[in-house]
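> Before I ask anything, here is the structure I am working with.
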Amino acid sequence: MIIWLASYPKSGNTWVRSLLSAYYYTKNGNFNFELLKNINVYPQQKYFDVKIDKPGEINSYWDASQEKIISEKKIKILKTHNSLLALNGKEFTKPKYTLGIIYIVRDPRNVITSLKNHYDLDYEQSLNFMLNEKKYLYDIQKKNDYADFHFLSSWSNHYKSWINNNLFKKMVIKYEDLENNTFKTLKNLIIYINNLLQENEKIDEIKINNCIKTTNFEILKHKEKKEGFPENVYSKKTDKKIDFFNLGPKNKWGKVVPKKFHKKINNIFKEDLKNLKY
């Protein structure tokens, strides 16, 4: 069965993935980038028995690939940026494949600034990215390979597709809660996962503290500079890799986003901000 670690891009998924991989796949909670291989990204080619060589055809193989995953009789935590919306009539996942969902949501005004850096965009382009109901992602460096095709839709449609779906057990995490009270948020997340796994093992609070300490943003940023990071994307403008870890805790939209955009983005996301209590 699958536990989905889902989010819209640049919402804290890699941070949560780092914390969980350090807790569940080490003895002491000390993180390193190699541990991320224990929580793989879905979709990618290794989960498909056919080559996905056209954009948008991946939806025809979601069922078969997830059937293959659960046939291994193991619980897998998989990261995805896919929305939970149907694509051409095909559902992304089904209850028979899914044990539970962890969904991470972030203030959209901070997502804008993070997207801007990550994809080498300006603020208008970042906003349009988030409003595009037909938006999808794939690695532009791979030719005729669309096995990592993620159907996003708009930011609003994305979070609603996961949060409002009642077919699955789910836990919703706010990035801001993780940032402001990492220990409590991570401990609650571990309790949720252990309940899904039907494990009664005592929570190791020393290990949690080590997970938090070794996934500190500045440490991750330093690691990326020193060791590289396998999940960077390339700039369409320069064809060079863009730093994955950029502003982190310094990404406060009120200080970073030009003031001329403040009213516009507040108006656009007004209902969503209210719904999510931002």
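> What share of the DSSP beta bridges in region 1-160 is antiparallel, in percent to the nearest 5?
Working: 3 of 15 bridges.
Beta bridges within region 1-160, antiparallel portion: roughly 20 percent.
> Would you compute, from DSSP H runs of 4+ residues alone, the mean residue ellipticity of the chain at 222 nm, taking -39500 (n - 2.57) per run and dividing by the full residue count, rounded to the nearest 500? Mind dumping the intermediate values first?
Numbers: 12 runs with 110 residues, N = 278.
Calculated mean residue ellipticity at 222 nm is -11000 deg cm²/dmol.
> A further question follows. From the Cα gyration tensor of region 13-123, with a ≥ b ≥ c the square roots of its eigenvalues, which class applies: rounded if a/c is under 1.5, or else prolate if a/b is larger than b/c, or else oblate? Spell out each step's value before the answer.
Details: a/c = 1.81, a/b = 1.10, b/c = 1.65.
Oblate shape, in that a/c is at least 1.5 and b/c is the bigger or equal ratio.
> Taking loop as defined by DSSP and a crowding limit of 12 other beta carbons within 10 Å, which GluC sites (Glu not before Pro) in region 149-230 fit?
Working: sites: GLU176, GLU179, GLU199, GLU201, GLU205, GLU218, GLU224, GLU227; in loops: GLU199, GLU201.
Of the GluC sites (Glu not before Pro), the ones in loops of region 149-230 whose Cβ has at most 12 other Cβ atoms within 10 Å are GLU199, GLU201.
> With a sphere of radius 13 Å drawn around the Cβ of LYS260, what net charge do the other residues whose Cβ falls strictly inside it have (Lys, Arg +1; Asp, Glu -1)?
Working: positive: LYS259, LYS263, LYS264; negative: ASP122, GLU124.
Computed value for this residue: +1.
> Measuring from the lowest to the highest alpha carbon on each principal axis, how far does region 2-275 reach, largest first, in angstroms?
Answer, in whole Å and largest first: 52, 43, 40 Å.
> In percent, how large is the relative contact order of the chain, given Cα pairs closer than 8 Å and 6 or more residues apart?
Numbers: 416 pairs, mean separation 67.6, N = 278.
This gives 24 percent for the chain.
> What FRET efficiency, computed as 1/(1 + (r/R0)^6) with R0 = 25 Å and r the Cβ-Cβ distance, is obtained for LYS68 and LEU137, rounded to the nearest 0.05? Display every interim value, and only then the final one.
Details: r = 23 Å, r/R0 = 0.91.
So the FRET efficiency works out to roughly 0.65.
> Using DSSP, restrict attention to beta bridges with both residues in region 2-275 and report what percent are antiparallel, rounded to the nearest 5.
Numbers: 4 of 21 bridges.
Here the share of antiparallel DSSP bridges comes out near 20 percent.
> Can you work out the FRET efficiency for the pair LYS225 and LYS252, with r the C-beta to C-beta distance and R0 = 25 Å, to the nearest 0.05?
Details: r = 23 Å, r/R0 = 0.91.
E(calc), rounded to 0.05, equals 0.65.
The numbers here are math on the coordinates, done by the rules we state, and not lab data. In this text, all values refer to a predicted model and were calculated from it rather than measured experimentally. Reconstructed Cβ throughout: ideal geometry from the backbone, glycine too, with neighbour counts over all protein chains shown.
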